[in-house]
Amino acid sequence: MDTKIEKLTAGTEAFSQREEEVLRRAGSIIKEGGLVAFPTETVYGLGGDALNRESARRIYAAKGRPSDNPLIVHICQFEQIHAIVSELPRDARRLAEAFWPGPLTMILPKSPCVPDETTGGLDTVAIRLPSNPIARKLIAYSGGYVAAPSANLSGRPSPTAPDAVAEDLGGRIEMILDGGDVGIGLESTIVDLTVSPPQILRPGYVTQEMLRQVLEKVDTDVTILAGDTGQAPRAPGMKYRHYAPKGELVIVKGEPDKVAAYMNSQAALDSERGERTGIIGTKRWLSLYRADVVKCLGESGDVESAARNLYAVLRQMDQEQVGRIYSESFAEQGLGEAIMNRLLKAAGFRVVEVS
Ligand code: TXA
Ligand code: MG
């Protein structure tokens, strides 16, 4: 299949006539059962008609994703939620008021019009109202309900730029809307409102502290930051070794100079064994590192830039054919919790503490 790539001005509400026409065409592709990748504020999504079983099947096939892993339904107006849920708790309204449009996904009881293929057979549905204007316009032209997982091949880091989408899905989908680099870089926060108290199933840009300002109580799925709980994560997608680079990743915790000494000595040993080595760090410590490839996530202490750059850096390690990667760690608070969650999953929970 020939994948058409259409460039659109990112982040503007005022689309040109040509762009408006492209978005209308993209919407028609989705209405007719086709697939269009598009930017959101978190990561690029692979969009299909959420209310069409066949579209959901095509999404799973294009990504090579297990079909028991449910999709998020994206809407563009709050009122649309009524058609796809069987119940709308007060907490959902309050969260929507506080965080929509934006990087928050809510799990709610589904109505019969959402097919099992979209929800992976669950009786709940994940719903998000994104803020990216390209996403919202596309959803409106697509009939209002767009199922969109991250637009990567299953098991690869989520795409934060259009070339990453083309690398994974070029030739497998009808169209890619190129809206440039995304702003946040990690997938949305997922909150399950079908349990009491509500539970965070995936940490993201909307942090636990932010949710606590709206909800009386909110818990976190225990599997999020631990590898050996013996429990299955409650978001089915979180059980897969996701976000993974091809090289083996190890997270190193401790005092910066000791972390650097450990990483450098391990990388030297790996090199002797003929491995290509990589180190992921932040600017302040970068000059301490010795490896074949050293990549920067941004200024030390700037978690927003680390979130934005993480997936691109993991992809660059693949492109550079690095076999062993060492990464700095982040404090598990605020946005740091989401960064550590993705890093830990990419590392298969391999963490070394140096002292
Ligand atoms: O930021 C995002 O959320 C991006 C953009 C494109 O919107 N989308 C995204 O979708 O990350 P995906 O498919 O890569 O991740 C969806 C996650 C999976 O872990 C899935 O298991 C979980 O949401 N999920 C979906 N429906 C669910 C449900 N009914 N109950 C529990 N977890 C659910
Ligand atoms: Mg994904």
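The values are calculated or read from the model by the stated rules, or taken from the named source; none is laboratory data. As the structure is a prediction and not an experimental result, all values here were calculated from the model. All Cβ positions, glycine included, derive from the backbone under ideal geometry; neighbour counts span all protein chains shown.
Looking at segment 245-296, the strands (runs of 3 or more DSSP E) lying wholly inside it that each contain 1 or more residues that are in the same structural domain as Asn309 (by TED's automatic domain parsing) and surrounded by fewer than 21 Cβ atoms within 10 Å (Cβ to Cβ) sit at 248-253, 293-296.
Is it fair to say Gly34 is out of contact with any helix residue (DSSP H, G or I) (no Cβ under 7 Å at 6 or more places or on another chain), among the small types (Gly, Ala, Ser) and under 21 Å from His74 (Cα atoms)? Yes.
Within the option set Arg202, Arg212, being among the basic types (Lys, Arg) and surrounded by 16 or more Cβ atoms within 10 Å (Cβ to Cβ) holds for one residue only, Arg202. Filtering Leu211, Leu169, Leu201, Leu177 for residues that are aliphatic (A, V, I, L, M), more than 15 Å from ligand 1 (Cβ to nearest atom), at pLDDT 95 or above and assigned by TED's automatic domain parsing to the domain that holds Gly48 leaves a single hit, Leu211.
Each residue in segment 278-320 was checked for being on the phi > 0 side of the Ramachandran plot and in contact (Cβ under 8 Å) with a residue 60 or more places away in the chain, and 0 pass. Checked against (1) away from ligand 2 (no atom under 16 Å from the Cβ); (2) under 25 Å from Val114 (Cβ atoms), Ile190 passes all but condition (1).
Within segment 121-152, the set of residues being over 16 Å from Ala83 (Cβ atoms) and either near ligand 2 (Cβ under 10 Å from one of its atoms) or small (Gly, Ala, Ser) (or both) comprises Gly121, Ser131, Ala135, Ala148, Pro149, Ser150, Ala151, Asn152.
Each residue in segment 144-153 was checked for being more than 9 Å from ligand 1 (Cβ to nearest atom) and assigned to a loop (DSSP other than H, G, I, E, B), and 3 of them qualify.
In segment 102-120, the residues that are assigned by TED's automatic domain parsing to the domain that holds Glu87 reach residues that are assigned to a helix (DSSP H, G or I) and among the polar types (S, T, N, Q) with C-beta atoms within less than 7 angstrom, at least six apart or across chains, in these pairs: Lys110/Thr119.
Reported count of residues in segment 149-161, each being under 18 Å from Gly180 (Cα atoms) and either modelled with pLDDT under 95 or crowded, with 24+ Cβ neighbours inside 10 Å (or both), is 7. If the requirement is being of a type outside the set (Ser, Thr, Tyr), farther than 18 Å from Lys63 by Cβ and more than 12 Å from ligand 1 (Cβ to nearest atom), which of these qualifies: Pro133, Pro115, Pro162? Exactly one of Pro133, Pro115, Pro162 is of a type outside the set (Ser, Thr, Tyr), farther than 18 Å from Lys63 by Cβ and more than 12 Å from ligand 1 (Cβ to nearest atom), namely Pro133. Apart from one condition, Val125 fits all of (1) over 22 Å from Ala61 (Cβ atoms); (2) part of a strand (DSSP E or B); the exception is (1).
For segment 13-23, the criterion of being at pLDDT 95 or above and touching a strand residue (DSSP E or B) at 6+ places or on another chain (Cβ under 6 Å) is met by at least one residue. Looking at the structure I just gave you, is Ile184 within 16 Å of ligand 2 (Cβ to nearest atom) and β-branched (Val, Ile, Thr)? Yes: the conditions hold for Ile184.
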